[in-house]
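Colleague: There's a structure below that I have some questions on.
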Amino acid sequence: MNTAPKPKFSLSVRHLGPVFTLDGELTKNNQNLVFARNGTGKSFLSRAFRYLDLHGQSEDVSDAAFSLVSDESNDGSGSFAFSRGPTAMGTLNLQKVGNAVTATVNDTIFHVFSEDFVQEELRERKYELDGEIENQIAVDSENIKLDDATKALEEAREKASGAYNTLERQFTEAKEAELNAKAGINKQLREYKALSLEKLMETFQEKPEAPKQSLADIIKDLDSLKAIPAEPVYPGQVEAVATDDFDLDALASSLDRLTSPSSVSDAIKKKIDSHHGFYEEGAKIVRDEHRTECPFCEQGITNPDPKAVIDAYIEYFEDEEEKHKAELRDFFRKLKQRETQLDQAETKLARQKSRYDDLKRHVPSKRDTEVNDGADELKTVRDAISALKSTIEHKAASLGTVAALPAEDLPAGIAKINAVIKDNNSKAEALTSAVEKADEERKSLQREACAVFEREFAISNWPSIESLRALKADVLVKQGNVNELEKSSPSAQARDRVAETFELLLKEFFAEKYVFDKTNFVLKRGDKEMARGPHRTLSDGEKTAIAFCYFIACAHKKVVTGSDYKKLFFVFDDPVTSMSYDFVFTIAQTLKNLNISDQGEISINPGKIDGNSCWKPELLLLTHSSYFFNISLTNRVVEDNAAFALHSDGKSHSLARLNKYIAPFQQQLIDIYEVANGKDPDHRTANSIRSVLEAIGRFCRPDKSDSLTDFVKHLAGDEYMTLKSVLINSLCHGTYYDETPPPDDLVLACTETLVVVERYAVGQLELIKKAAKT
């Protein structure tokens, strides 16, 4: 779409200081540069802009007429107008009589850097910055997206918060009902206190599987623990079956041994075998005590018949057959004792199992354990004993026949039953310990109950959990949208924006030497506060650079809405002084790259400038420094056609394009030429004379110019050019004047200087004459 070209800026001035009349045009460019030598009225122009600045801030400008209107004004009036095309951006109509001031500012926010700004904002405050900045920058149409995104974020947060609170309330109620009320879990239990909806959602990113044991079953187990009798009957311990009183090897030897039958009649053997113990004891008494009577019936045994019978008994018991049988009977007796032990073990195992089963049902951790009654192992041992007994009986009936141990393994059988007893005893001991430490198991179950409750709640409420996760994810997305918009939109607090811009510019000028504490609004040297205060710590050049940075940052203080940034018009009155030349290049680069975004971000990154959403602000540079002027042109702070010089013919002022560099030598030579040709000398004249003579000497006769005195001596001795002016001779000796030299002496010194220039720099005067005319 075609747009009309921008009109040019223009100045119209009447009777402001030495500026009696000025009607001058600048370019249509946003940035213009004006060079003015001292005394031409530059400061009065900048001060007029300053009054427009103050008026825009609703400050008192009643002294403007007194400060600005020329003494030469016939009616004591003066005026100032700065326009773009036909539209006046700001005007001042001044009347000394009554100090009448009429100021207008139209759709423009003037922001003026001058000595007045530095004095009022910094010097009077000893360079302690004013952090009392309360104005906010309203969100306008350019920031509606951020506003809408913020509202959307708040709505998403409310939905997520509502869903979370509902689910959290359900979680808390269920936790108290199931775990505290039903399971009897103390609320101070660590696992209980750790339960939360937030932790649940972190733990279960996917729907969990059902637990192996439900919460209802765990609660039953806890109830079982409560039912343990006050004085429980414990299973007790069962003694192992003995194995060290039976010698199988000896039995095997006895079974293998052959014994001849006794000569005693079989009838007597049968009697003895039927009541072996009775006959054995009687025979022993008769033999050992030499009885003559029967020890049982007390009848005489000396008669032949009874004696023969008793002798037969005695003979039998002393025979090998009876001894072998007695050995076998001892083995048989021990086996019967073993059977008695087995019966006792069987009874104890049965009692142990019964007690164990009664008690284990109260202890969940032992409920699935079993103890063995040993029935199978006992039968195996009994069968082995029965086989041994049968073998012994057969051997006793047939001592002359070899017999062998049966196949049944008695030691192995006893080992098995003892293993059962040992295992049972271990389980019984564990159950006893578990009952005695039931409180530990109760706590373990309670901890498990907490974990199972969390899992079961997640399963039963999974749709709600997924819905809540979706709402939280939506919050994160909308928060990201806001963050992205906020990155390109500074804070609505003017104080924050001033601090951020000031910090940015300080880094450009000083790196980390001076930093700005944005919270406390304090300028620091490195990470330390300046103990002597900034006004005593900073050099004069540093003060100028810091004032420049702070001035640009203070633009935020004048903005009310985001669209106001496009209304800003910057005026810089000599941003560089002789004391701040170290920073001249940085100041120039800052002015060249200075840009503002439509969100109000002030930057010096030229890559951001697109002319639409980020633009270079309108500004006017006023300077009397030829050095700064040249640097600004060289570095294209302004376009080549946007540089001007403020000229005066003594009656009126004009603005002339100045697209060439201004050499200090040429400027000083112009001053000398004009004074020599009738212009009144001023405070610069003496310095110009000395500087020009030194330059001529150093460039044209460096061998004769170690000092200005040497060059003057050379002129007199070798060139026959005697300089009569007292001023020149005084300058040679570095004299400082308490009073300004007389005008006549200054005029003579200028005339003599031109003679030296014409002798050593042929052509310079012709150029100077043309420049002076221009």
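Taken together, the values in this text are just the output of simple stated rules run on the coordinates, not laboratory data. All values derive from a computational prediction rather than experimental measurement. When we count neighbours, we look across all protein chains shown, and the Cβ atoms used for this are built from the backbone with ideal geometry, even at glycine.
Colleague: In nm, to one decimal, how far is the modelled label at Ile459 from the one at Val560, with both set 7 Å along Cα→Cβ?
Modeller: 6.7
Colleague: Follow-up. Which whole-Hz couplings ³J(HN,Hα) result when phi for each residue of the stretch 32-47 is put into the Karplus expression 6.51 cos²θ - 1.76 cosθ + 1.60, θ = phi - 60°, listed in order with x for Gly and Pro?
Modeller: Each residue's phi maps through the Karplus curve to give 10, 10, 10, 9, 9, 6, 4, x, 8, x, 4, 5, 5, 5, 5, 5 Hz.
Colleague: Considering only Phe548, Asn641, Asn659, whose Cα is most displaced toward the positive end of the charge dipole of the stretch 536-694, charges sitting on Cβ of Lys, Arg (+1) and Asp, Glu (-1)?
Modeller: Farthest along the dipole direction, towards plus: Phe548.
Colleague: Another question, then. Rg over Rh of the stretch 566-670, using C-alpha atoms and the Kirkwood radius, what does it come to?
Modeller: The Rg/Rh ratio comes out at 1.01.
Colleague: Given a Förster distance of 41 Å, report the FRET efficiency between Asp649 and Glu503 from their Cβ-Cβ distance, rounded to the nearest 0.05.
Modeller: 0.30
Colleague: For a quick check: with amide H placed at 1.01 Å from N, whose amide H comes under 5 Å from Thr108's, ignoring anything fewer than 5 positions away on the same chain?
Modeller: none
Colleague: Can you pull the Kirkwood radius for the stretch 16-87, inverse mean 1/r over Cα pairs, to one decimal in Å?
Modeller: 13.7
Colleague: Okay, moving on. Percent relative contact order of the chain, based on C-alpha pairs within less than 8 angstrom and at least six residues apart?
Modeller: Relative CO of the chain lands at 19 percent.
Colleague: Sort Phe711, Phe246, Phe585 by Cβ crowding within 10 Å, fewest neighbours at the top.
Modeller: Phe585, Phe246, Phe711
Colleague: Additional query: Once fully extended, how much extra length lies between Gln188 and His714, figured as 0.36 nm per residue of separation less the alpha-carbon to alpha-carbon distance?
Modeller: Value of the extension gain: 178.9 nm.
Colleague: Per the helix-only calculation at 222 nm, which mean residue ellipticity applies to the chain, given -39500 (n - 2.57) for every DSSP H run of n ≥ 4 and division by its residues, nearest 500 deg cm²/dmol?
Modeller: -16500 deg cm²/dmol
Colleague: Based on DSSP, what percent of beta bridges with both residues in the chain are antiparallel, to the nearest 5?
Modeller: Rounded to the nearest five, the antiparallel share is 70 percent.
Colleague: Then there is this: Would you mind ranking Arg50, Arg361 by Cβ crowding within 10 Å, fewest neighbours first?
Modeller: Arg361, Arg50
Colleague: Report, in listed order, any pair from Lys187/Lys212; Lys145/Lys472; Lys557/Lys608; Lys651/Lys679; Lys524/Lys616 with a Cα-Cα distance greater than 19 Å.
Modeller: Pairs exceeding the cut-off: Lys187/Lys212; Lys145/Lys472; Lys557/Lys608; Lys524/Lys616.
Colleague: Mind putting together the pair-distance distribution for the chain? All Cα pairs, 10 Å bins, whole percent per bin, short to long.
Modeller: 2, 9, 11, 11, 9, 7, 5, 5, 5, 5, 5, 5, 4, 4, 4, 3, 2, 2, 1, 0
Colleague: What is the distance, in nm, between label points placed 7 Å from the Cα along the Cα-to-Cβ direction at Lys212 and at Val762?
Modeller: Placing both labels 7 Å along Cα→Cβ, they lie 11.4 nm apart.
Colleague: Between helix 764-773 and the chain, what is the angle of the helix's C-alpha long axis to the longest principal axis, kept within 0 to 90° and rounded to the nearest 10?
Modeller: Tilt relative to the chain: about 90 degrees.
Colleague: Using θ = phi - 60° and the Karplus form 6.51 cos²θ - 1.76 cosθ + 1.60, what ³J(HN,Hα) does each residue of the stretch 221-234 get, whole Hz, x for Gly and Pro?
Modeller: 4, 5, 5, 4, 4, 5, 8, 4, x, 5, 10, x, 8, 7
Colleague: Could you give me the percent of Cα pairs per 5 Å distance bin for the stretch 50-149, shortest bin first, beginning at zero and ending with the bin that holds the maximum distance?
Modeller: 2, 11, 15, 16, 16, 14, 11, 7, 4, 2, 1, 1, 0
Colleague: Under the Kirkwood approximation applied to all pairs of distinct alpha-carbon atoms, what is the hydrodynamic radius of the stretch 132-202 in Å?
Modeller: Final number for the Kirkwood radius of the stretch 132-202 is 15.9 Å.
Colleague: For Phe113, enumerate residues with amide H under 5 Å from its amide H, sequence gap 5+ or separate chain, H modeled in the peptide plane.
Modeller: Val571, Phe572, Asp573
Colleague: Can you sort Lys616, Lys6 from fewest to most other Cβ atoms within 10 Å of each residue's own Cβ?
Modeller: Lys6, Lys616
Colleague: What are the ³J(HN,Hα) values, in whole Hz, obtained from phi via the Karplus relation 6.51 cos²θ - 1.76 cosθ + 1.60 with θ = phi - 60°, for each residue of the stretch 548-554 in sequence order, with x given for Gly and Pro?
Modeller: Whole-Hz 3J(HN,Hα) from phi for the stretch 548-554: 4, 5, 5, 4, 4, 4, 5.
Colleague: Follow-up question, since we're still on this one. What is the gain in length, in nm to one decimal, between Glu25 and Lys334 on full extension, counting 0.36 nm per residue of separation less the C-alpha to C-alpha distance?
Modeller: 97.2 nm
Colleague: Compute, for the stretch 548-672, the length of the dipole vector about the Cα centre, with Cβ point charges of +1 (Lys, Arg) and -1 (Asp, Glu) only. Units Debye, rounded to 20.
Modeller: Roughly 160 debye for the stretch 548-672.
Colleague: Check which residues have an amide H placed less than 5 Å from Thr561's amide H, if you skip close sequence neighbours.
Modeller: Ala138
Colleague: Against the globular-protein guess of 2.2 N^0.38 Å, express the Cα radius of gyration of the stretch 486-547 as a ratio, rounded to two decimals.
Modeller: 1.19
Colleague: Sticking with this structure for a sec: Subtracting the Cα-Cα distance from 0.36 nm times the residue separation, let me have the gained length for Thr347 to Lys379 in nm, one decimal.
Modeller: Taking 0.36 nm per residue and subtracting the Cα distance, the gain is 10.2 nm.
Colleague: To the nearest 10 degrees, how steep is helix 304-317 against the longest Cα principal axis of the chain, on a 0 to 90 scale?
Modeller: Once rounded, one gets 20 degrees.
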